[in-house]
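Below is one structure, written out as structure tokens; comments come after it.
The values are calculated or read from the model by the stated rules, or taken from the named source; none is laboratory data. Because the structure is a prediction, the values reported are computed rather than measured. Backbone-built Cβ (ideal geometry, glycine too); neighbour counts: all protein chains shown.
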Amino acid sequence: MNAQLEMKHVTQTYGDGSSTVSVLNELDLSVYAGEFVAVLGPSGSGKSTFLSAAGALLRPTRGEIRINGEVLGDKSTSELAELRLHQVGFMFQNAQLLPYLRVEEQLLYVARLAKLDAKEAKRRAAELLNRLGLSERRKHYPEQLSGGEKQRVAIARAWMNKPAILLADEPTASLDFKRGKEVVRMIAEEVKNENKAAVMVTHDERMLEWCDRVLHLEDGKLNERGGQIG
């Protein structure tokens, strides 16, 4: 079975000579369809660099990254942008919704960028919003939504183009515990519904019960501490 995301010996260094700093150090990771992986690590451990490399936003110093079987190192800048649009869904600490677009329009805008068929895009948006309990909010603007609702819209938007993998950067950081748990549960459910993969970077160990694997970013590598959370 091919991994949705595969990272082999990925190394990211900054500086040169005696001042060289390795943020990622021969990092390996494979994430498969239907799998939801959490990555924990303290501030400064390289979580943002890891996500940037995994999402084709950063070319690592060394190593190989594949998304849905496609080798990123072989691609030009424009090809990487196209790959991100179709193969990677992003979620952030704040939903980063466009304030002038209604909920449904947030999803359709992404579909237009990817040049999806308009009728199919409308159907897909309705399906996602229904699954995430947002059908009655589809005509609302972001300012009319709660924090949890905004993050649910962000989940729907991230899955809109049926990407191979969703990358979530501290998606519960701006939410209280109850709403945060709800958002993580919905990400997990959509991983199964879509039969795709997701990686969530978080510092909050209370959000891990819905994850299939928990990895720790330490010394530039990902380690699974015997399956223990924490």
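In the range 20-30, the count of residues that are modelled with pLDDT of 95 or more, under 19 Å from the mean Cα position of the chain (by Cα) and closer than 19 Å to P163 by Cα is one or more.
Against the definition (within 13 Å of the chain's Cα centre (by Cα) and without any contact (Cβ under 8 Å) to a residue 40 or more places away in the chain), how does T202 come out, yes or no?
Numbers: within 13 Å of the chain's Cα centre (by Cα): yes; without any contact (Cβ under 8 Å) to a residue 40 or more places away in the chain: no.
Taking the combined requirement at face value, the residue does not satisfy it.
When you look at V184, is it over 10 Å from G89 (Cα atoms), out of contact with any helix residue (DSSP H, G or I) (no Cβ under 7 Å at 6 or more places or on another chain), aliphatic (A, V, I, L, M) and buried (at least 21 other Cβ atoms within 10 Å of the Cβ), yes or no?
Working: over 10 Å from G89 (Cα atoms): yes; out of contact with any helix residue (DSSP H, G or I) (no Cβ under 7 Å at 6 or more places or on another chain): no; aliphatic (A, V, I, L, M): yes; buried (at least 21 other Cβ atoms within 10 Å of the Cβ): yes.
So V184 does not fit the description; no.
Name the residue, out of A197, A158, A164, that is closer than 19 Å to Q106 by Cβ and surrounded by 19 or more Cβ atoms within 10 Å (Cβ to Cβ).
Details: A197 fails: closer than 19 Å to Q106 by Cβ; A164 fails: closer than 19 Å to Q106 by Cβ.
Of A197, A158, A164, the one residue that is closer than 19 Å to Q106 by Cβ and surrounded by 19 or more Cβ atoms within 10 Å (Cβ to Cβ) is A158.
Return yes when L24 is in contact with a Ser or Thr (Cβ under 9 Å, 6 or more places away or on another chain) and among the aliphatic types (A, V, I, L, M) and no when it is not. Answer is yes for this residue.
Taken over the range 113-171, the criterion of being touching a residue at least 40 places away in the same chain (Cβ under 8 Å) and over 27 Å from V39 (Cα atoms) is satisfied by A114, L116, Y141, P142, E143, L145. In a loop (DSSP other than H, G, I, E, B), at negative phi, surrounded by fewer than 17 Cβ atoms within 10 Å (Cβ to Cβ) and at pLDDT 95 or above: is that true of P42 in this structure? So P42 does not fit the description; no.
So, in the range 7-39, exactly how many residues are assigned to a strand (DSSP E or B) and surrounded by 19 or more Cβ atoms within 10 Å (Cβ to Cβ)? Can you show your working first?
Here is the first cut: in the range 7-39, the residues assigned to a strand (DSSP E or B) are 7-14, 21-31, 36-39.
In the following step, the residues that additionally are surrounded by 19 or more Cβ atoms within 10 Å (Cβ to Cβ) were identified as 7, 10, 12, 23-24, 27, 29, 31, 36-39.
Residues meeting the conditions: 12.
Looking only at residues that are within 12 Å of M7 (Cβ to Cβ) and either in a strand (DSSP E or B) or of a type in the set (V, I, T) (or both) in the range 57-88, which one is nearest to the chain's Cα centre (by Cα)? Result: I67.
Evaluate the range 137-153: report whether one residue or more is under 23 Å from A125 (Cα atoms), of a type in the set (A, V, I, L, M) and at pLDDT below 95. No, the conditions are met nowhere in the range 137-153. For Q106, the test of being among the polar types (S, T, N, Q), surrounded by 14 or more Cβ atoms within 10 Å (Cβ to Cβ) and at pLDDT below 95 is failed. Selection within the range 134-154: residues that are over 23 Å from the mean Cα position of the chain (by Cα) and among the acidic types (D, E). The member of this set that is farthest from Q93 (Cα to Cα) is E136. One residue stands out in the range 121-146 among those that are charged (D, E, K, R) and part of a loop (DSSP other than H, G, I, E, B): the one that is farthest from E189 (Cα to Cα), namely K139. Determine whether the range 165-184 contains at least one residue that is of a type in the set (K, R) and either in a loop (DSSP other than H, G, I, E, B) or within 15 Å of the chain's Cα centre (by Cα) (or both). No: the range 165-184 contains no residue that is of a type in the set (K, R) and either in a loop (DSSP other than H, G, I, E, B) or within 15 Å of the chain's Cα centre (by Cα) (or both).
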